[in-house]
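Every read-out reported here was derived from the displayed coordinates using simple, explicitly stated rules and does not represent laboratory data. These numbers were taken from a predicted model, which means no experiment stands behind them. Methodologically, a virtual Cβ is constructed for each residue, glycine included, from the backbone with ideal geometry; neighbour enumeration extends over all protein chains shown.
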Amino acid sequence: MTQRPLLLPATDDPIAQRPSPTAHTSAAQLPAHTAATPAAQLPAHAAATPAAHPPAAHAPAAAYLSRRLGEILHIRRRLHQLAELSTLEYATGSYIRSLLDSWHIPYEYPVADTGLTATIQGKKPGPGRTVALRADMDALPIFEEGRSPFASQNPGVMHACGHDAHMAIALGAARYFKEQEESFSGCVRIFFQPAEETIGGAARMIEAGCMERPPVDFVTGLHVAPQLPAGDIEVKYDKMYAASDEVSLVLLGQGGHGAYPESGVDAIVLAASVIASLQTLVSRRVSPLDQCVLSFGTIRGGSAHNVLADRVELTGALRTTDPATRALAKEYITQQMTQIAAAYGGSGRAVFTPGYDALVNTNSLVDLLRETAIPLLGREHVRWKEAPGMGVEDFSAFLQKAPGVFYHLGCGYPSARADTASNPFPTEKREDSLLTSLTKNIPSFAPLHSRAFSLNEDCLAVGVRLQIALTEALLALLFTP
């Protein structure tokens, strides 16, 4: 990872240091998709977005970052060293609490065992909303590659999903609002959430009352994205991530000698037929306009090479993006399995274990995010995600309780392949050459959940600045989306 000095000159605006094509580049010099795309080519929500607030409105945040960015970088590096697995985020939480104590920010702990919620109440008279910012805390069971001076101090545990950056950005925003508490109305809450990677800490925090004391009007979240260069963000209307279900199938046959297959019911052959048949779920049962994935990851059965298996167990993952398709898929899996098993003279049962629900953004707040980000980052740095990802994110639980928005924050280096990222907003289709089509799926960056993942720390200033600006806009919002 490229090392940077921890402190910036007091007069520097960390985001203004990046060249701004919108400020210094003529339309003729811009890429074709940026310079002349009419509003009609934008999604309906984007075409109707009103003009954004002028960048000058965010001067206090720029000054704050000039003073505090070095400390935010140090915080991120310390959190990286403290990497802990889901439900075990004790040292991480202790470090966060020590910072909040030193900044005189009140908090509630414990929430969902190892999580905590911080609260900054504005002191300016007048109406104001309650806005929550979420940061997940847990790391992954991965051995970190390389010899960074701030590498994980817990062997075999690494912040390979960027949650250290999420926490540092949230802490940076929290300190800003504490310093500005006399100048805003409303309440800012920070949710430091455990166990995003495993059991779903968001739902457990909600059960503990985090959305109720005081009631949260809006909730925001972000996730770092190494496929995007630092300085870019990616936004998505409506469905952004899929819902997940674990699928467990048990197929029962009748054992017998392998030399006399007619004497039994071979559960392995039965399982093979079920697997083959269920491939038609996506290709023939679900509309091609909907998203659905069914993948089987394990198959276990049999005891000897010459004995017919009487039991086979399958486990797999079902991913969908809307409740109707989710229900249809479960019904189809159960029906196909039951009928095929009966046709072979066997039986079976299906068990579905719900995971996270689909993450669905509030479209009007995606508009607000976009109009807030463009003056800060430049229009060409605000990208549009065209289709939902089939991964999962338990931020969806917060969005079921309050309007909100979740987005991707670029954390890649300049060498990250542009053709692995989404198109800029506005978007224009391009004809790929044969060479591009053959190589576009080969990334030049280390992905999330990789031992080689490396965060471009330039993303921290962008994340803090944008979360501050978005929160300020939401605090002043006088309608409910």
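Please compare each pair in K330/K385; K123/K385; K123/K401; K124/K239; K124/K236 to a cut-off of 31 Å on the Cα-Cα distance and tell me which ones are over it.
Check vs 31 Å cut-off fails for K123/K385; K124/K239; K124/K236.
Computed from backbone phi, the HN-Hα couplings of the stretch 71-80 come to 5, 5, 4, 4, 4, 4, 5, 5, 4, 4 Hz, rounded to whole numbers (Karplus: 6.51 cos²θ - 1.76 cosθ + 1.60, θ = phi - 60°; Gly and Pro given as x). Extension gain for E331-E145 works out to 62.6 nm (0.36 nm per residue, less the C-alpha to C-alpha distance).
Model label sites at Q400 and R97, defined 7 Å from Cα along the beta-carbon direction, differ in position by 2.9 nm.
So if R0 is 35 Å, what FRET efficiency would E262 and S450 give, r being the distance between their Cβ atoms, rounded to the nearest 0.05? Intermediate values should be presented prior to the final figure.
On the way: r = 50 Å, r/R0 = 1.44.
E(calc), rounded to 0.05, equals 0.10.
Which value results for Rg/Rh of the stretch 140-254 when Rg is the Cα radius of gyration and Rh the Kirkwood radius based on the inverse mean 1/r?
Numbers: Rg = 19.1 Å, Rh = 18.2 Å.
Result for the stretch 140-254 is an Rg/Rh of 1.05.
Can you work out the FRET efficiency for the pair H74 and A342, with r the C-beta to C-beta distance and R0 = 45 Å, to the nearest 0.05? Present the calculation step by step, with values, prior to reporting the outcome.
Details: r = 64 Å, r/R0 = 1.42.
For H74 and A342, the calculated efficiency is 0.10.
Less than 5 angstrom separates the built amide H of A309 from those of A267, I268, all sequence-distant by 5 or more or on a different chain.
State to the nearest 20 debye the size of the charge dipole of the stretch 243-354 about its Cα centre, where the only charges are +1 on K and R beta carbons and -1 on D and E beta carbons. Write down the numbers at each step before the final one.
Numbers: 8 positive and 9 negative charges, 27 e Å.
Dipole size: approximately 140 debye.
Here the extension length gained between D290 and E179 equals 35.3 nm, from 0.36 nm per residue of separation less the Cα-Cα distance. Here the extension length gained between R67 and Q153 equals 28.1 nm, from 0.36 nm per residue of separation less the Cα-Cα distance. Once the Cβ-Cβ distance of L478 and Q254 is raised to the sixth power relative to R0 = 56 Å, the FRET efficiency obtained is 0.20. Label-to-label distance, E246 versus T298, with points set 7 angstrom from Cα along the beta-carbon direction: 0.8 nm. Label-to-label distance for A59 and E108 is 3.8 nm, based on points extended 7 Å past Cα in the beta-carbon direction.
Across every pair of different alpha-carbon atoms, what Kirkwood hydrodynamic radius in Å does the stretch 243-354 reach? Present the calculation step by step, with values, prior to reporting the outcome.
Numbers: mean 1/r = 0.0693 Å⁻¹.
For the stretch 243-354, the Kirkwood estimate is 14.4 Å.
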